[in-house]
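Engineer: Please read through the structure below; I'll follow up with questions.
Coordinate-derived values only; no laboratory data. Since we're looking at a predicted model, the values are computed, not measured. All Cβ positions, glycine included, derive from the backbone under ideal geometry; neighbour counts span all protein chains shown.
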Amino acid sequence: MGEHDSTLPVLVGYDGSPASEQALRWAVQEARLRGLPLTVCHAWHWPYPSRPPEDVTLEILRGIGAVVADEGVRKARFLADDDLEVRWRLEQGPASAVLLRESRQADLIVLGLRGHGGFDDLIVGSTAVQVPSRADIPAVIVRSAPQPPWGEDARIVVGVDGSPAAEQALGFAFEEATLRTASVQALCSWWDPAAIPGPDRRAFIDADALKHEANTRFERAVAPWQARYPKVPVDTTFVLDTPRHALVDAAEGADLLVVGARGIGSAPQTLLGPVTQAALQQAPCPVAVVPAPRVG
């Protein structure tokens with residue numbers, strides 16, 4: 001992750017829901033800041049497990065989808081005041097599958113926290129989990145809530161734990177801060193291993209030494225990005241707390257929370273790491289989920 005040089009579009013999922021409206025606003029602003037086109041994508045499909053209906057029924061469904069996609073494009077162009085190239089994609093299939101396929105030719109994905117469908121008390125929609133967990137590019141999940149204006153007082157929080165995804169998250173946070181004239185709060189949380197219940201454990205643990213080593217690694221991880229982006233104000237915060245609590249608390253009043261898709265200790269079979277899942281469920285601001293670089 002470095003200075004922006006992509007020519008690929010910002011991809012936003014749109015289904016007409018309030019959450020996707022907020023995602024559209026965020027995506028328009030992001031595309032303008034990056035100088036990139038915006039692709040408004042709507043997925044339509046036959047949602048039942050029974051065999052597909054006759055072609056005429058599918059054509060009706062596709063037509064309804066086209067109306068939704070066209071609405072998204074018109075709103076994006078209005079928000080951008082014609083100062084943005086807006087494209088649209090209407091594809092058949094489940095939303096997560098379509099967006100993942102389209103993301104292969106995109107720079108960034110923007111989604112609402114949950115779209116149409118699902119249960120009313122569902123905090124995070126399935127698409128908002130499946131897409132960032134499998135995408136090769138960053139995904140920003142926007143909550144359906146008023147978004148504060150960006151400017152000199154804007155703050156981006158990024159979680160740092162030494163994982164490959166966290167390293168990429170740092171780069172994304174500094175790049176966003178540069179685009180939006182914001183500051184970066186890099187946060188690393190640590191807790192005392194001796195505080196974990198267990199027989200004959202505390203005598204063999206030097207908590208102070210472990211804490212000092214963790215803080216040193218944290219400072220070393222942030223330093224190269226500070227040097228690379230010298231104009232970005234940076235606050236390094238080392239706290240004694242669990243990662244999920246520390247990040248959610250720090251996100252209060254922030255404009256964006258940036259996390260890796262999976263941190264240290266995340267089980268490989270999980271879609272997203274537990275800290276990232278907690279961020280999506282509880283953070284009061286948009287959350288950017290950044291994947292680790294592909295190996296091989």
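Engineer: What is the pair-distance distribution P(r) of the range 217-296, computed from all Cα-Cα distances in 5 Å bins starting at 0, with each bin given as a whole percent?
Structural biologist: The calculated distribution, bin by bin, is 3, 14, 19, 23, 23, 13, 4, 1.
Engineer: Which value in nm describes the separation of the simple spin-label points at residue 82 and residue 137, placed 7 Å from the Cα toward the beta carbon?
Structural biologist: If labels sit at residue 82 and residue 137, their model points lie 2.8 nm apart.
Engineer: Quick check: from the Cα gyration tensor, does the range 26-112 come out rounded (a/c under 1.5), prolate or oblate?
Structural biologist: Here the range 26-112 falls in the prolate category.
Engineer: Counting other beta carbons within 10 Å of each Cβ, put 7, 276 in order, fewest first.
Structural biologist: The order, fewest Cβ neighbours first, is 7, 276.
Engineer: Can you sort 225, 190, 46 from fewest to most other Cβ atoms within 10 Å of each residue's own Cβ?
Structural biologist: Ranking 225, 190, 46 by Cβ neighbours within 10 Å, fewest first, gives 46, 190, 225.
Engineer: Let me ask something else about it. Sorted from fewest to most neighbouring beta carbons within 10 Å, what does the list 245, 42 look like? Display every interim value, and only then the final one.
Structural biologist: On the way: 245 15, 42 26.
With the fewest neighbours first, 245, 42 line up as 245, 42.
Engineer: For residue 220 and residue 62, compute 0.36 nm times the residue count separating them, minus their Cα-Cα distance, and round to one decimal in nm.
Structural biologist: Length gained, residue 220 through residue 62: 51.7 nm.
Engineer: Between residue 105 and residue 239, what is 0.36 nm times their sequence separation minus the Cα-Cα distance? Round to one decimal in nm. Mind showing how you got there, number by number?
Structural biologist: Working: separation 134, 0.36 × 134 = 48.24 nm, distance 3.86 nm.
The residue 105-residue 239 span can extend by a further 44.4 nm.
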